[in-house]
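Derivation of every value follows stated rules applied to the coordinates shown; laboratory data play no part. All of these numbers come straight from a predicted model, not from anything done at the bench. Counting neighbours? That spans all protein chains shown, and the Cβs are built from the backbone with ideal geometry, glycine included.
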Amino acid sequence: MIQITLPDGSRREFPGPMTVADVAASIGPGLAKAAIAGKVDGKVVDTTYTIRDNAQVAIVTPKDPEGLDVIRHSTAHLLAYAVKELFPDAQVTIGPVIEHGFYYDFAYKRPFTPEDLAAIEKRMAELAAKDEPVTRRVLPRDEAVRHFQSIGEAYKAEIIGSIPQGEEVSLYAEGGFEDLCRGPHVPSTGKLKHFKLMKVAGAYWRGDHRNEMLQRVYGTAWATKEELQQYLTMLEEAEKRDHRKLGRELDLFHIDDVAPGVVFWHPKGWAIWQAVEQYMRQVYKDTGYQEVKGPQILDRSLWEKTGHWQNYRENMFTTESEKRDYALKPMNCPGHVLIFKSQLRSYRDLPLRYGEFGQCHRNEPSGALHGIMRVRGFTQDDGHAFVTEDQILDECVAYTAKLQEVYRDFGFTDILYKVATRPENRVGSDALWDNAEHACMEALRRSGVEFVVSPGDGAFYGPKIEYTLRDALGRHWQCGTMQVDFNTAERLGAEYVTETSGRAHPVMLHRAIVGSLERFIGMLIEHHAGALPAWIAPVHAVVLNITGGQADYAESVAKTLRNQGLRVELDLRNEKITYKIREHSLQKPPYLLVVGDKEKAAGAVAVRARGNQDLGVMSLEDFSKRVAEDIAGKR
């Protein structure tokens, strides 16, 4: 007898080997119909998988996270199936699951058009409606290579050829289409009902720019029609909030081909930047960080010591002068170590904290650049604390508390926390790692938050906490980090005098709250749909006169408010007031101040708040007080 243990702890016995589908059927016809995969001793498998020994078994349905992955993986194969039916000369390459969907890369003689995409999606729906069974077979590597070569699939043959000799590979077939895949897959194409193809983009074979360009078709797939529609609606809203679109409409910044991946900040955009930077500068002061400034260009010898020259050079901008090699810094850490070791330090000096708005440059591939979210030149709110092992926990606790406060001020209240622990290849003793990992986790416990542990995902030099923000559309942005580094200070020879007059290397804590200011401002723009809170809005108020008779008074109002430190624009154009209100409302300032003869006579302003809210007539003093309260309350 074979004993199967289900997730609720109940057990079922079978006289001999059975499939996952058999287990589902034994539980009930409803579950048998819903099953799209199974989980046997923690491994996700096909419903046709045969269980031969006692096992823990769960039935996977579309409602499960694993089920959604199976659906998306299977839909990628359905996409390839449809492409081969419509374009027999196309060759299929790789088609993985990605966040919210999947893609598949194809080699074809011409670019796919939007009309092609519509035809492919229609054919996918037709193939799904046929409800063809999805079957699996296993072949020796060399036989699989010959099989794909015989049907003209050179890319698949190349992929299989890179697998060690003697290995076996699995193939999945549906109708007349067969593909290389580890699986698992849905039992039949009829399980795939809610999908949509999104776009086509270029992609190099195996991600290498020296290889041929392929066509990458992106798609999304969901368990229900409602989830698909919610996602598509979210994308529509995301398009409206796209920081690149709003950056143009609100005149915040632009990017030019003369400086790819580097931002040209316009006055309004730079006002946002300054608001963020000055706020973070105060955070440095509040948390005991001394602001420093390191050089942009450093000698090759430093980057050789850190390992960047050997392992990261292709991502660095390098230059040469007087037969010496230099690089623009891709990060600020080595410079802070050099400041630390510029004089003899004592244990009494620790923790010693440095902060820098450090401008960095990284030679990102042009295809990876994305507005101000992914750039080649960026500035970080970079901080490094040099500490003893015993000080790690207190630093992490204090940092997390401040980070939560900062994100809340910017309008982010939903934070996800992750601790990435020791990888197989690492530096530092196990005792040191034990201490550092405990500090990261205990810091989050003391902060009263839930977190997940990501085993093996830490850097070779130490564990880290990752802080991910969820924005107004439910999207995730990995933002802040606290990284524990046992390595860099030692590699660069930084030491301090211990209590026993010996020498020791400090532990280096790398921390950034907003990270790249460019990226964070892009996040702010999209999170707030361009309607930034008053304290960081590029313009607090616009003063509008109704007729020329109030021009002098409007100018005096603007001057008074500017003298109080407010960012104010003045519009004295000879246009209808309704036109001016409508035009400036599109720029999303927190307030519009309208002045006519009545307001001029009373020394007041008619206040309209963002969202077409009429707040009535206020004295200038009352309005100033309101804005001051907005700024102080980070509203």
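Figures for the structure shown
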{"read-out": "The chain: calculated mean residue ellipticity at 222 nm from DSSP helix runs of at least 4, using -39500 (n - 2.57)", "value": "-10500 deg cm²/dmol"}
{"read-out": "Share antiparallel - DSSP beta bridges, the range 1-146, percent rounded to 5", "value": "90 percent"}
{"read-out": "DSSP-defined antiparallel bridges as percent of all bridges, the chain, nearest 5", "value": "85 percent"}
{"read-out": "Relative contact order of the range 482-632, defined on C-alpha pairs under 8 angstrom at six or more residues apart (%)", "value": "19 percent"}
{"read-out": "Between the range 75-113 and the range 442-502, the Cα center-to-center distance that results, in Å", "value": "40 Å"}
{"read-out": "Approximate spin-label separation Ser429-Ile151, in nm, with each point projected 7 Å along Cα-to-Cβ", "value": "5.8 nm"}
{"read-out": "Positive minus negative residues near Phe623 (Lys, Arg vs Asp, Glu; Cβ under 13 Å)", "value": "-2"}
{"read-out": "Relative contact order for the chain, counting Cα pairs under 8 Å that sit 6 or more residues apart, in percent", "value": "9 percent"}
{"read-out": "Length-normalised contact order of the range 540-583 in % [C-alpha pairs under 8 Å, at least 6 apart]", "value": "50 percent"}
{"read-out": "Phe460, Phe106 arranged by Cβ crowding within 10 Å, fewest neighbours leading", "value": "Phe460, Phe106"}
{"read-out": "Descending semi-axes in Å of the range 305-457, equivalent ellipsoid built from Cα gyration tensor", "value": "29, 22, 18"}
{"read-out": "Hull volume in cubic angstrom per residue (convex hull over the Cα atoms of the range 255-362)", "value": "138 Å³"}
{"read-out": "Cβ-derived FRET efficiency at R0 51 Å, Ser10 paired with Glu291, nearest 0.05", "value": "0.25"}
{"read-out": "Cα-Cα over 28 Å, subset of Lys245/Lys293; Lys84/Lys196; Lys156/Lys199; Lys418/Lys588", "value": "Lys245/Lys293; Lys418/Lys588"}
{"read-out": "The chain: DSSP helices with Cα axial extent of at least 30 Å and average Kyte-Doolittle hydropathy no lower than 0.0", "value": "65-86"}
{"read-out": "Cα gyration tensor category, rounded, prolate or oblate, for the range 396-506 with a/c compared to 1.5", "value": "prolate"}
{"read-out": "Computed lengthening from Glu158 to Thr578, 0.36 nm per intervening residue step minus Cα-Cα distance", "value": "144.6 nm"}
{"read-out": "Distance between modelled label sites at Ser366 and Lys240, nm, 7 Å Cα→Cβ extension", "value": "3.4 nm"}
{"read-out": "Computed lengthening from Asp22 to Thr233, 0.36 nm per intervening residue step minus Cα-Cα distance", "value": "72.1 nm"}
